[in-house]
1. Select from the stretch 228-252 the residues that are open to solvent by less than 30 Å² (accessible area, probe 1.4 Å) and over 15 Å from the mean Cα position of the chain (by Cα) and write down the one among them that is nearest to residue 67 (Cα to Cα).
2. For a quick check of your reading: which strands (runs of 3 or more DSSP E) sit entirely within the stretch 493-572 and have at least 2 residues that are open to solvent by 30 Å² or more (accessible area, probe 1.4 Å) and assigned by the TED database to the domain that holds residue 624?
3. I need the full set of residues from the stretch 517-561 which are over 29 Å from residue 614 (Cβ atoms) and under 33 Å from the mean Cα position of the chain (by Cα), in order please.
4. List pairs: first residue in the stretch 508-525 and under 23 Å from residue 539 (Cβ atoms), second residue surrounded by fewer than 22 Cβ atoms within 10 Å (Cβ to Cβ) and of a type in the set (Asp, Glu) anywhere in the structure, Cβ distance under 8 angstrom, at least six positions apart or on different chains.
5. So, in the stretch 140-161, of the ones that are assigned to a helix (DSSP H, G or I) and under 35 Å from the mean Cα position of the chain (by Cα), which residue ends up farthest from residue 189 (Cα to Cα)?
6. Take the stretch 37-48 and flag every residue that is at pLDDT 95 or above and not in a strand (DSSP E or B).
7. Go through 391, 400 for me and flag whichever is crowded, with 22+ Cβ neighbours inside 10 Å and among the β-branched types (Val, Ile, Thr).
8. Can you confirm whether the stretch 70-79 contains a residue that is assigned to a loop (DSSP other than H, G, I, E, B), modelled with pLDDT under 90 and among the β-branched types (Val, Ile, Thr)?
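The values are calculated or read from the model by the stated rules, or taken from the named source; none is laboratory data. The structure displayed is predicted, hence computed values, not measured ones. Please note: Cβ atoms are built from the backbone with ideal geometry, for glycine as well, and neighbour counts cover all protein chains shown. Protein only, heavy atoms only, side chains kept; ligands, DNA and RNA dropped before computing areas. Shrake-Rupley method; radii C 1.70, N 1.55, O 1.52, S 1.80 Å.
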Amino acid sequence: MKFDLEGLTVHFPYAAIYPEQHAYMGELKRALDARGHALLEMPTGTGKTAALISLITSYSLANPSRPLRLLYCTRTVHEMEKTLAELRLLFAHLPPAASRSLLALGLSSRKNLCVHPQASAAAARDSVDTACRRLTASWVRDKAASDPDSTPLCDFFESFDRAAAAGDLASYMPPGVYTLADLRALGRDRRICPYFLARQMVKYANVVVYSYQYLIDPKVASIVSREMQKECVVVFDEAHNIDNVCIEALSVSIRKQTLEGAERNLRRISQEIDRFKATDANRLRAEYNRLVDGLAQRGNLPISDAWLANPALPDDILKEAVPGNIRRAEHFLAVLRRLVRFLDGRLETENVENEMPVAFVASIHSQAGIDQKMLRFCYDRLHSLMLTLEITDTDEFMHIQTICDFATLIGTYTRGFSIIIEPYDQRMPDIRDPVIQLSCHDASLAIQPVFERFQTVVITSGTLSPIDLYPRLLNFNPVISRSFTMSLTRDCICPMVLTRGSDQLPVSTKFDMRSDPGVVRNYGRLLLEMASSVPDGIVCFFVSYSYMDGIVNSWNEMGILQDIMQHKLVFIETPDVVETTLALDNYRKACDCGRGAIFFSVARGKVAEGIDFDRHYGRLVIMFGVPFQYTLSRILLARLEYLRETFQIREGDFLTFDALRQAAQCVGRVIRSKADYGMMIFADKRYGRHDKRSKLPGWILSHLHDAHLNLSTDMALHIAREFLRRMAQPYDKSGSGGNKTLLTEEDLQDMAQDAMEM
């Protein structure tokens, strides 16, 4: 369909549109007009992706003088593929002239795009990267030119390089939409490398769909997203955890194994230096001269030699000359050895230590003789040295890269970080496992360059409540900040707060109550009663793996698990990805054949973040407890202190906000469209408190009636039966009168006419 939105012609790929999609597009258009950032919460299953790509593409087509490019960031490859499928549908509905001029593609790692038979066979991502560099690095190709028989090359990359040199890449990728599968198929058919082709064509694409890391993690962003101009709209979809993504991008952990690996790496680099001194000393001399002029003077590297860039994004550093005492390769290795020895000594501690970067850098200077400027240049100096020594096995050198990453970050930032040294894990105090953790507390450090660089950044998800906390956490000012509700013709969502069992004993996963046999038994009876009454799939979320293991064992000893399995099969998520994928497949088979099944999962796990339990795969989701973070974690305590001092966010407010967004994310898995229906049970007495419950998204709260609060198991069972009986009745899918939930072109024209008359 095609309709007018405040003077903009919007092309939409479906015959009807939800009212909330129309309102969402209106707010998005105002943000684009104002060239500012937006924070938009939209219920799950209401077509966020279709609304976003339709509006932004239409906006770009309507302004050919300053066309906008869309950078759409997703968390998983699965979400990337879904977005590209929506784009393909949209392009099919655009005017032929427009669709013939637009290019949209997905970009992922070599692991997901490589088509070379040997390189792509490697299991790990780093191994695929290394196999690729062994075949494509510039010095490998130079060697092959003089000795082609003994040096294997990648034919796919050679084709790419010839096409790039001839300026002929566009002929390989005419306008259209390219998913990862399309890119691999194109690579095999045309005998060209799809990974490097996509990397190169990103500069010319109108829409690019890729991972958060490609914009947020500075080590990756400065390679992949360096060419992006200011006239871009950046969308972070499912961005409720964006602050955690930013923090992880700038945090580093160093263990005993890291230091041992770094020492092995240094011995290998030392041998390589000796070999080069004997065979090609001029290379080392040329590198020294280049470092005198500054790191930025090394020129543009061949695309196959590009390495993870500096983690700290300080452009001014690249203009400085490298400190004299690390210019020579041998001197730099001596500095790294002293740094590794210093860190090894700090790991020998018997007590927990917490230091700020300034104090830690001062102790490195006094004990190892390495000053702040030398630390700041470690990462780039290592990169330069590895290129000079023609090292392709980058996965083998991960340990020394981690040490240099750590050094550069502590040498660059003085605030927003702390260094925490723990001799053992608090949950296993008998096992010595020392670790140095450089923990970032300020999410705005990683995302600030994105806000400054691009004219509009849209942060959107189904669970952004309370929405006013995100601008403070990420330190930005959105021009539009709004939460939308879901328009429904029937109450197809039934949230309930269960505070006590059938015996009226309160239930909770509070630390002092979680192992109480009465609580465990009541949770088991709740699941048993629901399994006997609710058809198809039931999904249960627990607060942690250890709690799930404990309670499932207790249910087994009590005989409750056997009773549950009389009604439905039980499948369990584990930390192992392969096992979990197999369990999910079998769970779906059990639901498809009509037997029904129960899936046990964990809040903050892989399933909670990315798997949809739509239709008969999820008729009920039970959230056992409130998924608070481990509050004795020293990293969390340090972050809470930083948030309180810097952003005036109280510890309790942040912990509740974080736990409730995770709970909302878990229960939101069950509703993926308006034709769907499902129940949500929040099984913990703490959800009965208004200060906890009010942090849930508005689209859940609007269906949480007073009669559904403070329930016992038998009351919840009665409500569930009534709800399922109601859902079995036929209903009008599009609504009627003033309660329309599907708007056609005629409805939109009538709305525009009414607005003009008013």
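1. Here is the first cut: in the stretch 228-252, the residues open to solvent by less than 30 Å² (accessible area, probe 1.4 Å) are 228, 232-243, 245-247, 249-250, 252.
Filter once more, keeping what is over 15 Å from the mean Cα position of the chain (by Cα): 228, 232-233, 252.
Values: 228: 13, 232: 9, 233: 10, 252: 39 Å.
Within the stretch 228-252, the match that is nearest to residue 67 (Cα to Cα) is 232.
2. Numbers: elements: 493-498, 537-542, 569-572.
By residue number, 569-572.
3. From the stretch 517-561, those over 29 Å from residue 614 (Cβ atoms) are 517-522, 546, 550, 553-554, 556-559; that's our starting set.
The answer is 546, 550, 553.
4. What qualifies is 522/503.
5. Keep residues of the stretch 140-161 that are assigned to a helix (DSSP H, G or I), which gives 140-146, 155-161.
Checking the rest, the ones that are also under 35 Å from the mean Cα position of the chain (by Cα) come to 140, 155-161.
Numbers: 140: 26, 155: 13, 156: 11, 157: 14, 158: 15, 159: 12, 160: 13, 161: 17 Å.
It comes out as 140.
6. Answer for the stretch 37-48, where residues must be at pLDDT 95 or above and not in a strand (DSSP E or B): just 37.
7. Numbers: 391 fails: crowded, with 22+ Cβ neighbours inside 10 Å.
The unique qualifying residue is 400.
8. Taking the stretch 70-79 first, the residues assigned to a loop (DSSP other than H, G, I, E, B) are 75-76.
Subsequent filtering for residues that are modelled with pLDDT under 90 retains 75-76.
Next, from what is left, pick out any that are among the β-branched types (Val, Ile, Thr): 76.
Yes.
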